[in-house]
Structure formats: C-alpha cells, structure tokens
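Remarks on the structure that follows.
The values are calculated or read from the model by the stated rules, or taken from the named source; none is laboratory data. Keep in mind that what you see is a predicted model, and the values were worked out from it rather than measured. Cβ placement follows ideal geometry from the backbone for every residue including glycine, while neighbour counts extend to all protein chains displayed.
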Amino acid sequence: YLILKGELPIKAEAELMNAILVASIDHGASPPSVLGTRTVVSGGNSLNAAIAGGVLVIGDTHGGAIEQSAKIMQEWVKKGGETTALAEQLVDWLKENKKRMPGFGHRLHNVDPRTAKLFEIAARHGYSGKHIELCKAIESTLAKKLGKKLPINVDGAVAAVISDMGFDWRLGKGFFIISRVPGLLAHAYEEMTREKPMRKLGPLPFEYDGPSKREI
C-alpha cells in the first residue's frame, strides 16, 4: 500500500490489501504463467529467469480481467447517476458492442466465495462504495438481460474493491502480479528440485494439419 499510494495504510486498508492479495494467490499448476515458469526452469535457467518468464506470460487474457473490469467501472461511475440505471446502460452498451463484462462468470461456482469475503471485509471497514455498488448492480442486470447468472468472480471483486480504495485501474495487472509471484517461486523451486529437465508435451495431443506431402 505504501509503495503504490505513498501513504502508510491504516489498519482497515492493510487488512483489505492482505485480503486482496490472498484472494488472487496462485492455486494450481495449470495457469499459463505457471507453465511458463516451469518451462523456463526445465530449460536449465535460473530462479529469477523462471519467475520473470512467468510474469511475462501475464497479459490481457491471463491476469488482465482486474484491470479491464476496474477501467470500465471507474469510467462508468464517473458518469454519475443512479446505480441501477447506470448498470442497465452499461449492460446495454456491452450488448450493442458485442463485448463481455470482464470479472463476471465462473466455471465452478454460482457464487465465488472469494467475492463474498472480499465484499464483507470492505463493508466492515467502510470501503463498500460506488464501485462495489455498481459491480453488484451489473451482476443483477446481466442475469436479468441475459437470462443466466454470471456471478462476480474474484477478478471483478478485486477490481471493485481497489476502485473504491482509490487505486487507478492501470494498477490492476500489478495486483495480480504481486499475488502470483510467490506461487511462481514455489513452482520454480519444485520444478528445479523434483522434476526432470526438458519439460515437454508428449506427441499424442498433436496432429499435423499442414500441407499434404508434396515436392518442394
């Protein structure tokens, strides 16, 4: 908090920052950044090179939803107006432009438990403001207009909370990176100490689909 804001956090801000970072922490071996880290290690590279490789994988598709969601919410909150009406206009705009709302939807949960906990902590400390309010209204409006529930996932929740804490949306990927680096370190160390070098995918998942045999 001090490094990003230039001010010492009060106890409430420190607890919220801790909750944000814990909520987004690494949780398995399948994310692209983890695969990148492990692959770099398996090529015989150093720990720092492996972590850098993993961080470089983070982008708009993997790790970008916090930034994207925060940008949209911050821009629409600035427009002003009643929250429900604002959410209706935003969802209509998304539909007209054939866009998806980043930070919503989950493969496993109808309610992301991390979202509920983050919002609870934010409310307890008085940080449940216009962005969290809009985030919840977007969830309701999406369900109404699309006919299916797209729950606020952890990325959407973090986006709303950091927005109500006054962080610029451009720091969104930064929060994701800070959360994921400890996990990348653990994966890199495990790859170094427990796995064989030259990690590779076997030939079975691949099938050649280029030009047929021909004279060149």
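Residues of the stretch 113-130 being surrounded by 15 or more Cβ atoms within 10 Å (Cβ to Cβ) and free of Cβ contacts under 8 Å to residues at least 60 places away in the same chain, which ones?
Matches in the stretch 113-130: Thr115, Phe119, Ser128, Gly129, Lys130.
With the requirement that a residue be touching a Leu at 6+ places or on another chain (Cβ under 9 Å) and hydrophobic (A, V, I, L, M, F, W, C), what does the stretch 104-131 give you?
Phe104, Leu118, Ile121, Ala122
Which condition number does Tyr189 fail, the rest of (1) under 23 Å from the mean Cα position of the chain (by Cα); (2) surrounded by fewer than 17 Cβ atoms within 10 Å (Cβ to Cβ); (3) aromatic (Phe, Trp, Tyr) being met?
The failed condition is (1).
Given the criterion crowded, with 20+ Cβ neighbours inside 10 Å and polar (S, T, N, Q), identify the matching residue among Ser42, Ser46, Ser33.
Ser33
Go through (1) under 30 Å from Gly43 (Cα atoms); (2) surrounded by 14 or more Cβ atoms within 10 Å (Cβ to Cβ); (3) at pLDDT below 95 and name the single condition Lys196 misses.
Exception for Lys196: condition (2).
In the stretch 1-57, which helices (runs of 4 or more DSSP H) lie fully inside it and hold 1 or more residues that are touching a helix residue (DSSP H, G or I) at 6+ places or on another chain (Cβ under 9 Å), among the charged types (D, E, K, R) and within 22 Å of Leu184 (Cα to Cα)? Step through it out loud before you land on a result.
Working: elements: 2-5, 11-23, 32-42, 47-57.
Where helices (runs of 4 or more DSSP H) fall fully within the stretch 1-57 and carry at least 1 residues being touching a helix residue (DSSP H, G or I) at 6+ places or on another chain (Cβ under 9 Å), among the charged types (D, E, K, R) and within 22 Å of Leu184 (Cα to Cα), they are 32-42.
Output yes when any residue across the stretch 134-144 is surrounded by 17 or more Cβ atoms within 10 Å (Cβ to Cβ), of a type outside the set (S, T, N, Q), over 28 Å from Tyr1 (Cβ atoms) and over 18 Å from the mean Cα position of the chain (by Cα), and no when none is.
yes
Looking only at the stretch 36-83, count every residue that is over 24 Å from Leu94 (Cβ atoms) and among the polar types (S, T, N, Q) and tell me the total.
So in the stretch 36-83, the residues over 24 Å from Leu94 (Cβ atoms) come out as 36-58.
If we keep only those that are among the polar types (S, T, N, Q) as well, we get 37, 39, 42, 45-46, 48.
Selection size over the stretch 36-83: 6.
Any chance the stretch 152-166 includes a residue that's buried (at least 17 other Cβ atoms within 10 Å of the Cβ), in a loop (DSSP other than H, G, I, E, B) and within 14 Å of the chain's Cα centre (by Cα)?
Kept after step one, since they are buried (at least 17 other Cβ atoms within 10 Å of the Cβ), are these residues of the stretch 152-166: 152-165.
In the following step, the residues that additionally are in a loop (DSSP other than H, G, I, E, B) were identified as 153, 165.
Now restrict to residues that are within 14 Å of the chain's Cα centre (by Cα): 153.
The answer is yes; a qualifying residue exists.
Given the criteria over 18 Å from Gly64 (Cα atoms), of a type outside the set (Lys, Arg) and either touching a helix residue (DSSP H, G or I) at 6+ places or on another chain (Cβ under 9 Å) or not in a loop (DSSP other than H, G, I, E, B) (or both), does Ser140 qualify? Before the answer, list the steps.
Details: over 18 Å from Gly64 (Cα atoms): yes; of a type outside the set (Lys, Arg): yes; either touching a helix residue (DSSP H, G or I) at 6+ places or on another chain (Cβ under 9 Å) or not in a loop (DSSP other than H, G, I, E, B) (or both): yes.
Judged against the criteria, Ser140 is a match.
Thr61 - would you say it is of a type in the set (Ser, Thr, Tyr) and outside any helix (DSSP H, G or I)?
Details: of a type in the set (Ser, Thr, Tyr): yes; outside any helix (DSSP H, G or I): yes.
Answer is yes for this residue.
Could you count how many residues in the stretch 77-112 are in contact with a His (Cβ under 9 Å, 6 or more places away or on another chain) and not in a loop (DSSP other than H, G, I, E, B)?
Going through the stretch 77-112, the residues in contact with a His (Cβ under 9 Å, 6 or more places away or on another chain) turn out to be 77, 112.
Still in the running and not in a loop (DSSP other than H, G, I, E, B): 77.
The qualifying residues number 1.
Could you list, in sequence order, all residues of the stretch 102-129 that are of a type in the set (Lys, Arg) and farther than 21 Å from Leu142 by Cβ? Write out each step before concluding.
Our first condition is that a residue be of a type in the set (Lys, Arg); within the stretch 102-129, this holds for 107, 114, 117, 124.
Selection gives Lys117, Arg124.
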